[in-house]
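Chemist: Dumping the structure here so I can ask a few things about it.
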């Protein structure tokens, strides 16, 4: 397992059941900060899906990157074209 994939798996495990809600801050269409994530479900340069407990939040765009990630928050940067809340 690659170091980044291990960090994603560890974060998903650490956050499971600890956070009940999330907060999202959108800066133009170039950056999103999510606090209260329960883990990354999908990640590639065109799509990122985040588990927030109540929703799956799906981001579509170009050149998407997880530019900052810790136990409680993550930042997605790139050219964001859509945000979808999936129940």
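The values are calculated or read from the model by the stated rules, or taken from the named source; none is laboratory data. Since the structure is predicted, the reported quantities are computational estimates derived from the model, not experimental observations. Because the Cβ atoms are built from the backbone with ideal geometry, glycine has one as well, and the counts that use them run over all protein chains shown.
Chemist: Mind counting the residues in the range 39-77 that are part of a strand (DSSP E or B), touching a residue at least 60 places away in the same chain (Cβ under 8 Å) and more than 17 Å from residue 26 (Cα to Cα)?
Modeler: Summing the residues that are part of a strand (DSSP E or B), touching a residue at least 60 places away in the same chain (Cβ under 8 Å) and more than 17 Å from residue 26 (Cα to Cα) in the range 39-77 gives 0.
Chemist: Just give me the residues in the range 72-87 being at pLDDT below 90 and exposed (fewer than 12 other Cβ atoms within 10 Å of the Cβ), in sequence order.
Modeler: Hit for the range 72-87 is 87, nothing else.
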